[in-house]
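A.B. asks: Here you go, one structure.
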Amino acid sequence: MTRTRLSRSDRYDQLVEVSWALVRAEGADALTLGRLAEHAGVAKPVVYSHFGSRAELLAALFTEFDDRQAAMLEASLETAPATLDGRASAIANSYVGCALAQGRELTGVLAALEGSPELEKVKRTAEHAYSERCRQILQPFSATVGLSAPALTAIFGAADALSHAAVSGALAPEEATGELAELIVAIVGKA
């Protein structure tokens with residue numbers, strides 16, 4: 001088998017892509033640096049030069065997902081009306097849409113992140129940044145000084161549950177996004 005020489009950034013992207021495929025096929029527990037090297041067709045030192053540990057790899061996968069989610073949100077906002085309903089729909093569509101695009105493998109990566117304090121910190125930091133961006137988006141429609149932490153927690157708790165239901169097929173994507181958008185409007189209106 002002939003190995004393809006890739007630039008460092010292209011190799012990183014390939015390793016992330018192969019990691020998601022491995023998690024999709026075999027679950028997050030099967031994701032090790034050795035298995036990644038095997039599936040990517042590279043030597044272990046190549047993988048270790050990008051990810052010093054399994055924890056770093058899992059953090060990179062979550063960061064890649066988070067970056068896509070943030071980009072999807074911004075793209076949705078560009079076409080959404082500048083109303084509470086429009087902004088709520090943009091948030092709902094991008095949140096559920098990104099979860100659907102990633103699929104079931106995200107659940108395994110998220111569970112693995114919860115298993116380590118350092119990885120949980122990566123997840124919490126990203127979630128905080130995303131919720132703060134949504135707070136900024138929704139703030140002009142809030143009757144009070146700002147959306148409270150409990151209000152944002154309720155929104156994203158529901159977003160996670162509805163996204164999971166859409167990914168698992170328990171709800172149609174339109175049901176999940178519609179319900180989430182309505183919930184956001186109700187919470188912001190109450191605030």
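A.B. asks: Less than 11 Å Cβ to Cβ from Glu105, Lys/Arg counted +1 and Asp/Glu -1: what total charge do the surrounding residues give?
C.D. replies: +1
A.B. asks: According to the Cα gyration tensor, what semi-axes, each the square root of 5 times an eigenvalue, does the equivalent ellipsoid of the stretch 17-94 have, listed from largest to smallest in whole Å?
C.D. replies: Listed largest to smallest, the semi-axes of the stretch 17-94 are 36, 12, 9 Å.
A.B. asks: Given the stretch 1-42, what whole percent of its Cα pairs are spread farther than 11 Å?
C.D. replies: Value for the stretch 1-42: 63 percent of Cα pairs lie more than 11 Å apart.
A.B. asks: Averaging over every viewing direction, what projected area does the convex hull of the Cα atoms of the stretch 51-94 cover, in nm²?
C.D. replies: Averaging across all directions leaves 3.2 nm² for the Cα convex hull.
A.B. asks: Give me the base-10 log of I(q)/I(0) for the stretch 54-191 at each q in 0.18, 0.19, 0.22 Å⁻¹, Debye formula, one uniform scatterer per Cα, rounded to two decimals.
C.D. replies: At q = 0.18, 0.19, 0.22 Å⁻¹ the computed log10 ratios are -1.01, -1.12, -1.40.
A.B. asks: In percent, how large is the relative contact order of the chain, given Cα pairs closer than 8 Å and 6 or more residues apart?
C.D. replies: Rounded, it is 22 percent for the chain.
A.B. asks: With every protein chain present, what is the per residue accessible area of the stretch 1-156 (1.4 Å probe, Å²)?
C.D. replies: Ligands and nucleic acids excluded, the figure is 52 Å² per residue.
A.B. asks: Of the heavy-atom accessible surface of the chain (probe 1.4 angstrom), what whole percent is carbon and sulfur?
C.D. replies: 56
A.B. asks: If you take the charge dipole of the stretch 96-143 about its Cα centre, with +1 on Lys and Arg Cβ and -1 on Asp and Glu Cβ, which of Thr107, Ala129, Leu119 is farthest toward its positive end?
C.D. replies: Projecting each Cα onto the dipole axis, the largest value belongs to Ala129.
A.B. asks: Right, another one. If the cut-off is a Cα-Cα distance under 30 Å, which lysines reach Lys44, setting aside same-chain residues fewer than 8 apart in sequence?
C.D. replies: Within the straight-line limit of under 30 Å, Lys44 reaches these lysines: Lys121, Lys123.
The values are calculated or read from the model by the stated rules, or taken from the named source; none is laboratory data. As the structure is a prediction and not an experimental result, all values here were calculated from the model. All Cβ positions, even for glycine, are placed from backbone atoms using ideal geometry, and neighbour counts span all protein chains on display. Just the protein is used for accessible areas: all its heavy atoms, side chains included, with ligands, DNA and RNA removed. Shrake-Rupley method; radii C 1.70, N 1.55, O 1.52, S 1.80 Å.
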